[in-house]
Amino acid sequence: MPSKYPLGKLLIDQALISPADLDKALYVQGQVGGRLGAILIRIGALSEDAILPVLSEQLGMPLLDLKDLPGNSRQLLEWLNSTGLAIDWWLDQEVFAFVQDEKISCCARDPLNNNIREILEKTFPDSNLEWMLVRSHDLDQLLDRVSRLENSDGQANSGVGYLRELAEEAPVIEFVNNLLAMAFDQRASDIHIEPERYTVKVRLRIDGILYERFTLPIDRFNAIASRIKLISGMDIAEHRLPQDGQIETRVSGEDLDVRISALPGVHGESIVMRLLPKEKQKFSIDSIGMQPDNLKSLKEWASQPHGIILVTGPTGSGKSTTLYSVLDNINTGARKIITVEDPVEYRMAGITQVQTLDTIGYNFARALRAILRQDPDVIMIGEIRDRETAEIAIQSSLTGHLVLSTLHTNDAISAFTRLIDMGIDPFLVATPVRAVMAQRLVRRICKHCAVTGNPVVDIRAKTEQNLPDFLVGQAANWLEPVGCKHCQGSGFSGRVGIHELVPVTPELQHAIAQGGSTAELHQIAVQQGFKSLREDGFLKAYQGITSVEEVLRVTAS
């Protein structure tokens, strides 16, 4: 049964939008008209996936899943042609119908359009019409398959003016806005739009893992790509060279920075959109998931007046977040802090942040030379990429500055040999480096569906035998993922860091200066109580934060 309450009230009652969002949408509706739900999606108040169940409740219309839609496009085309209505009418009005359980099920972009309803009622006077809701991308996919069958030899226009017109069409605008809102609601960090020969895959990276969300016909790609490139400041006519762009927008009631990369491929441009929520950039060194003993060490190193602290790991392992958290911890106003980054990912109050620009020769090394004339106490370098940057970082630390930076190595010990491989003398590596920390991100196990686990005997026995002091006396809480609606069936929700820390003790310093191998340096670190990434991960599995299988996956190397 339809609900007696208006859509706006239902959405506010379910805390899906704020009264301010409703007021804004009603104002837009009063100015330009249109359905309230479509306007709320367009202004970024919420996603289509969030609003459709509420609309289903309000209108008393079932919401169809993709599996419920006709799977055979040719049979659907033949049935639509048999109704007496021109196929162009179905496509132009963005409506389709099919026979289901002796009823004719009808779906449309606007199921409340009276003209469409009257025409279908006259076309099927003796039939029971049942109107249903359908997601926009499912509707588009089905209609596009029908259109492609009907016009199999049609040629797509590719002129710049045509692409710009496509990008300004309301369904395309709504699709892109809804895609951003859907990705944000599902906690995605990246959206991947990947054209193939006949289809376009849309995948979301959630907690570091890519999940395919839906597939579109290749005919939709030009319009979607043109819309994204247009609003991000790219050249919509350029398809041969890589491009980068940026959008500042509001989705699901949150302000969002979206960084976009377009890379030419065989079947079209691969588009990746990275979502950076502005209002969630709260960095706290106490909440990055470090064990108490590691956290204490990191805070002590960050309080030193000079030296180098390195954070290592692959791309996407949370290195920048860790460095920002350290800066937030020491940003008391007593020290001048300057960062040099490419790009500046997050804005922090009370800190001078410098953006490099390689196109004009303003690289890390050149920026660092300028920074040293700004009387800094603490310098954060986004990444040490080459010998010149490494040399300036080392000289800066030797002249009384605390330097924080990242390095791409697989583990903490390899950082020393990586710097030496860059051409830095071993004694210059040994002298200023205070500590190195490697990290990875593992997925947090979903507390709503996790069940008690039983890891293999060797892992359980070794972990419980070597518990640190802060865990002695705490009962084991080994868990395994299951999957539920709260975690979208993955068994995990959110991520946490696992870490390995290597302080540069006199013994290790001597071995580095003597050109010791990675194996020799690792042996010294183990003798001094070194705990590897995997061992730290098993401790988090012991505490019920993640699972043993997840730790093994992330630390497989």
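Can you send over the carbon and sulfur percentage of the accessible area for the range 465-557, probe radius 1.4 Å, protein chains only?
Numbers: 2240 of 4530 Å².
Here carbon and sulfur together make up 49 percent of the probe-accessible area.
Show me 378-384, 238-244, 409-415 ranked by packing, highest mean number of other Cβ atoms within 10 Å first.
Values: 378-384: 23.9, 238-244: 12.7, 409-415: 22.0.
Top to bottom by mean Cβ count within 10 Å: 378-384, 409-415, 238-244.
Remind me, what semi-axes does the range 152-239 give for its equivalent ellipsoid, largest first in whole Å, using sqrt of 5 times each Cα gyration tensor eigenvalue? Kindly include the intermediate steps, with their values, before the conclusion.
Values: eigenvalues 113, 48, 25 Å².
Output for the range 152-239: semi-axes of 24, 15, 11 Å.
Name all residues of the range 209-234 having a backbone nitrogen under 11 Å from the label point set 7 Å from the Cα of Val266 along its Cα→Cβ direction, giving them as ranges.
What the label zone holds, given the 11 Å backbone N cut-off, is no residue at all.
In what sequence, largest accessible area first, do Asp13, Asp138 appear using a 1.4 Å probe?
Working: Asp13 100, Asp138 5 Å².
Highest to lowest solvent-accessible surface, that is Asp13, Asp138.
Which cysteines in the chain lack any other cysteine whose Cβ sits under 4.7 Å from their own Cβ?
By the Cβ distance rule, which asks for a partner under 4.7 Å, the isolated cysteines are Cys106, Cys107.
Taking the 0 to 90 degree range and rounding to the nearest ten, how far is the long axis of helix 533-542 tilted relative to the main principal axis of the chain, both from C-alpha atoms?
Value to nearest ten degrees: 60.
Considering only protein heavy atoms, with the full assembly of protein chains and a 1.4 angstrom probe, order His522, His401, His448 by accessible area, largest first. Write down the numbers at each step before the final one.
Numbers: His522 80, His401 25, His448 130 Å².
Sorted by accessible area, descending: His448, His522, His401.
Can you tell me how much longer the chain between Tyr362 and Glu130 gets when fully stretched, taken as 0.36 nm per residue apart minus their C-alpha distance, in nm with one decimal?
Computed gain between Tyr362 and Glu130 is 77.2 nm.
What translational diffusion coefficient, in µm²/s and rounded to a whole number, does the Stokes-Einstein relation yield for the range 249-361 at 37 °C and a viscosity of 0.692 mPa s, taking the hydrodynamic radius as the Kirkwood radius over Cα pairs? Show your work: numbers first, answer last.
On the way: Rh = 16.7 Å.
In µm²/s, the coefficient rounds to 196.
Please give every one of the aspartates and glutamates within straight-line cross-link reach of Lys296, meaning a C-alpha to C-alpha distance under 13 Å, and leave out same-chain neighbours fewer than 8 residues apart.
Asp286
Which lysines, if any, have their Cα less than 24 Å from the Cα of Lys229, not counting same-chain residues under 8 positions apart?
Filter leaves Lys201, Lys278.
Quick check: at a probe of 1.4 Å, how many percent of the accessible area of the range 250-340 sits on carbon and sulfur atoms? Could the numbers behind the result be given before it?
On the way: 1850 of 3770 Å².
The nonpolar share, carbon plus sulfur, comes to 49 percent.
If you filter the range 428-481 for trypsin sites (Lys or Arg not before Pro), then keep DSSP loop positions with at most 16 other Cβ within 10 Å, what is left? Write out the running numbers ahead of the final one.
Values: sites: Arg434, Arg440, Arg443, Arg444, Lys447, Arg460, Lys462; in loops: Lys447.
Answer by residue number: Lys447.
Hey, can you find the accessible area per residue of the chain for me, probe 1.4 Å, expressed in square angstrom? Display every interim value, and only then the final one.
Working: 26460 Å² over 557 residues.
With all protein chains present, the chain gives 48 Å² per residue.
Work out, step by step, the length gained on full extension between Arg240 and Glu118: first 0.36 nm times the residue separation, then minus their alpha carbon distance; give nm to one decimal. It would help to have the intermediate numbers written out before the result.
Details: separation 122, 0.36 × 122 = 43.92 nm, distance 4.83 nm.
Answer, rounded to one decimal: 39.1 nm.
How big is the accessible area of Tyr362 in square angstrom, nearest 10, if you roll a 1.4 angstrom probe over the protein chains?
Tyr362 exposes around 60 Å² with every protein chain in place.
Measure nothing but the geometry: give the 0 to 90° angle between the long axis through the Cα atoms of 221-231 and the longest principal axis through the Cα atoms of the chain, rounded to 10°.
Approximately 60 degrees, to the nearest ten.
What translational diffusion coefficient, in µm²/s and rounded to a whole number, does the Stokes-Einstein relation yield for the range 509-549 at 20 °C and a viscosity of 1.002 mPa s, taking the hydrodynamic radius as the Kirkwood radius over Cα pairs?
Numbers: Rh = 11.9 Å.
This corresponds to a translational diffusion coefficient of 181 µm²/s.
I need the calculated FRET efficiency for the pair Ala519 and Lys201, taking r as the beta carbon distance and R₀ as 56 Å, to the nearest 0.05. Intermediate results must be reported in sequence, preceding the final value.
Details: r = 43 Å, r/R0 = 0.77.
After rounding, the FRET efficiency stands at 0.80.
Roll a 1.4 Å probe over the protein heavy atoms and report the accessible area of Met290 in Å², nearest 10.
It works out to around 20 Å².
Helix 19-32 versus the longest principal axis of the chain: what angle, 0 to 90°, nearest 10, using Cα atoms?
The angle comes out near 50 degrees.
Which lysines have a Cα less than 21 Å from the Cα of Lys122, not counting those fewer than 8 places away in the same chain?
Cross-link targets: Lys103.
Given q = 0.12, 0.13 Å⁻¹, what are the Debye log10 I(q)/I(0) values for the chain, with equal point scatterers placed on the Cα positions and solvent ignored?
-1.22, -1.33
The values are calculated or read from the model by the stated rules, or taken from the named source; none is laboratory data. Predicted model, so just to flag it, every value in this text is computed and none were measured. Cβ sites come from the backbone with ideal geometry, for glycine too, and all protein chains shown count toward neighbours. Just the protein is used for accessible areas: all its heavy atoms, side chains included, with ligands, DNA and RNA removed. Shrake-Rupley method; radii C 1.70, N 1.55, O 1.52, S 1.80 Å.
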